[in-house]
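K.L.:
The structure under discussion is supplied below as structure tokens; questions concerning it will follow.
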Amino acid sequence: MKLGIKKIEYRHKDVTGNTAWKQLNIVQFSGTLAEEWSEEPAGMLSTVTIQAELRRSSEQNDRLLLELLKSQHHYRITDMNGYQYLIGTADYLPRLTYQRAIAKLNPNGYKLKLIYKSPKGLVISG
């Protein structure tokens, strides 16, 4: 069994039907996915955290990440075994945040973090 995230795709929450997903150009094998369930006063709540790296600090990447930060999107995560996880529904939307990192031996770029909280948790689509 292979471990890790193969790709992260996104599309705006308002698109319908067979609208194509756009792929984030993440660093291969940098992605992680974790799901944690907790008991809240309103019931059980799933918190999904996805982290990955995106190389090359650039104007184009800045524009893309600002769009993802400010707008609401659904995400599709594909793991190395080919399973796809849908992140986001009409009622529960994930939030993307990022950190820019430019350092000595580390590649310059961004560390992305997606947080998704919902009472249903991850949905495997295929």
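The values are calculated or read from the model by the stated rules, or taken from the named source; none is laboratory data. Owing to the predicted nature of the structure, the values given are computational and were not obtained by experimental measurement. All Cβ positions, even for glycine, are placed from backbone atoms using ideal geometry, and neighbour counts span all protein chains on display. To get the accessible areas, we keep the full protein, side chains included, count just its heavy atoms, and leave off ligands, DNA and RNA. Shrake-Rupley method; radii C 1.70, N 1.55, O 1.52, S 1.80 Å.
K.L.:
Restricting to Cα pairs below 8 Å that are 6+ residues apart, what does the relative contact order work out to for region 1-43? Please round to a whole percent.
P.N.:
On the way: 33 pairs, mean separation 19.0, N = 43.
Over region 1-43, the number comes to 44 percent.
K.L.:
Kindly provide the helix-only [θ] at 222 nm of the chain, computed as the sum of -39,500 (n - 2.57) over DSSP H runs of four or more divided by all residues, to the nearest 500 deg cm²/dmol? Don't skip to the answer; put the middle values down first.
P.N.:
Working: 1 runs with 12 residues, N = 126.
Calculated at 222 nm, the ellipticity per residue is -3000 deg cm²/dmol.
K.L.:
Grab the eigenvalues of the alpha-carbon gyration tensor for the chain, scale each by 5, take roots, and send me the semi-axes largest first in whole angstrom. Mind showing how you got there, number by number?
P.N.:
Details: eigenvalues 115, 57, 49 Å².
Value: 24, 17, 16 Å, ordered largest first.
K.L.:
Counting only other residues whose beta carbon sits under 15 Å from that of H74, what net charge do I get with K and R as +1, D and E as -1?
P.N.:
Numbers: positive: K7, R11, K13, K22, R76, R95, K117, K120; negative: E9, D14, E67, D91.
It works out to a net charge of +4.
K.L.:
Compute, for the chain, the length of the dipole vector about the Cα centre, with Cβ point charges of +1 (Lys, Arg) and -1 (Asp, Glu) only. Units Debye, rounded to 20.
P.N.:
On the way: 18 positive and 12 negative charges, 105 e Å.
It comes to approximately 500 debye.
K.L.:
Round to a whole number: what % of the accessible area of region 1-110 belongs to carbon and sulfur, probe 1.4 Å? Numbers along the way, then the final one.
P.N.:
On the way: 3440 of 7260 Å².
Of the solvent-accessible surface of region 1-110, carbon and sulfur hold 47 percent.
K.L.:
Hey, another quick one. Skip the ligands, DNA and RNA, and give the accessible area per residue of region 10-126 with a 1.4 Å probe, whole Å².
P.N.:
Numbers: 7490 Å² over 117 residues.
For region 10-126, the per-residue accessible area is 64 Å².
K.L.:
Then there's this: Where a ≥ b ≥ c are the square roots of the eigenvalues of the C-alpha gyration tensor, would you call region 52-117 rounded, which needs a/c under 1.5, or, failing that, prolate if a/b is larger than b/c, or oblate? Walk me through the numbers before you get to the answer.
P.N.:
Values: a/c = 2.51, a/b = 1.52, b/c = 1.66.
Here region 52-117 falls in the oblate category.
K.L.:
Residue by residue through region 64-72, which ³J(HN,Hα) values in whole Hz follow from phi under the Karplus form 6.51 cos²θ - 1.76 cosθ + 1.60 (θ = phi - 60°), with glycine and proline marked x?
P.N.:
4, 5, 5, 4, 5, 5, 8, 9, 9
K.L.:
Next question. In terms of modelled amide H atoms, which long-range or inter-chain residues lie less than 5 Å from the amide H of K13?
P.N.:
Long-range HN contacts for K13: Q72, H73, H74.
K.L.:
Over the chain, what relative contact order in percent results from Cα pairs under 8 Å that are six or more residues apart? Show your work: numbers first, answer last.
P.N.:
Values: 269 pairs, mean separation 37.0, N = 126.
The normalised contact order for the chain reaches 29 percent.
K.L.:
Rounded to a whole number of µm²/s, how large is the Stokes-Einstein D of region 1-44 at 25 °C and 0.890 mPa s, given Rh as the Kirkwood radius over C-alpha pairs? Intermediate values should be presented prior to the final figure.
P.N.:
Values: Rh = 13.7 Å.
Rounded to a whole number, D works out at 179 µm²/s.
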